[in-house]
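Structure, as structure tokens:
The values are calculated or read from the model by the stated rules, or taken from the named source; none is laboratory data. As the structure is a computational prediction, the values presented were derived from the model and not from experiment. Backbone-built Cβ (ideal geometry, glycine too); neighbour counts: all protein chains shown.
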Amino acid sequence: GQVIYADNFNRADGVLGNTSTGNHAWLTPGGTTSTDPATNTTFLIAGNEMALRSPNNHANRQAYVDFNLDSTANYSVTFSLSSGTFATGAAFLILPRAQGTDIVGNVGWMLSRGGTAGIYQYDGGARVSGSISTTGTSVHSFDQNTSYTFRIDVVGNSAQLFVNGALTPTDTLNLGTVAGNNVADSFMFGYNQTASSQRNINVFVDDFQIVPEPGSLALLGLGSLLLLRRRRQA
């Protein structure tokens, strides 16, 4: 089937570069200008995976592909996710339809160990003294050094999370009024602290893919048909 973009991360260690399918650039705003994982939060290629690495500091960082999803009403996202060292004061954000270059104001989920390790809802709340809240509802457990498969189905302004091939959604979120509003959307990963200490984190993403859902495929097909007709008439 049709793929909007995808990345298997099978390339040399270092900067993220461009996706393996679609050749779209990864953008990583936030934090400081340093991209040294020994001193600052960094998304990078490591061992044919995308790795988020942060030492014990609180520099936020985001990673998303430079592709506007605003006009794609429905799409499905799949990837695998695992973690190594993961301190109690760190959070890894998963934002299905983010606007802007920051996590704040965008609804999604977060991998957090602020209480019991797990996947929690994130309501897009602002940072308070550099931290974000971990009071969201827990929706799934998450064990360190275990790989999980994620599927997120985005339908307009809602998103459903499926974990490890579950047939029923683990969680459903209302993303707000963001689809089709002429503001650029992206699928975003992010990092932020949730406490003033113990903030180091190592998270790994692999086999990342976004495909249009049937409704969007129909719209894409209609657009192609109209273009073909125009060319024939010309």
*With the condition kept exactly as written, say whether any residue in the stretch 45-57 is modelled with pLDDT of 85 or more, closer than 11 Å to residue 187 by Cα, small (Gly, Ala, Ser) and crowded, with 19+ Cβ neighbours inside 10 Å.*
no
*asked:* Here are the criteria: (1) under 21 Å from residue 21 (Cα atoms); (2) at pLDDT below 95. Tell me which single one residue 149 does not satisfy.
replied: (2)
*Take residue 27 and decide whether it is at pLDDT 90 or above and closer than 28 Å to residue 177 by Cβ.*
yes
*Quick one: is residue 179 over 18 Å from the mean Cα position of the chain (by Cα) and either modelled with pLDDT under 80 or not β-branched (Val, Ile, Thr) (or both)?*
no
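Rundown of residues vs (1) at pLDDT 90 or above; (2) of a type in the set (A, V, I, L, M); (3) closer than 19 Å to residue 60 by Cα; (4) assigned to a loop (DSSP other than H, G, I, E, B), yes/no style:
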| site | (1), (2), (3), (4) |
| --- | --- |
| 77 | yes, yes, no, no |
| 80 | yes, no, no, no |
| 83 | no, no, yes, no |
| 91 | no, yes, yes, no |
| 96 | yes, no, yes, no |
| 101 | yes, no, yes, yes |
| 106 | yes, no, yes, yes |
| 111 | no, yes, yes, no |
| 114 | no, no, yes, yes |
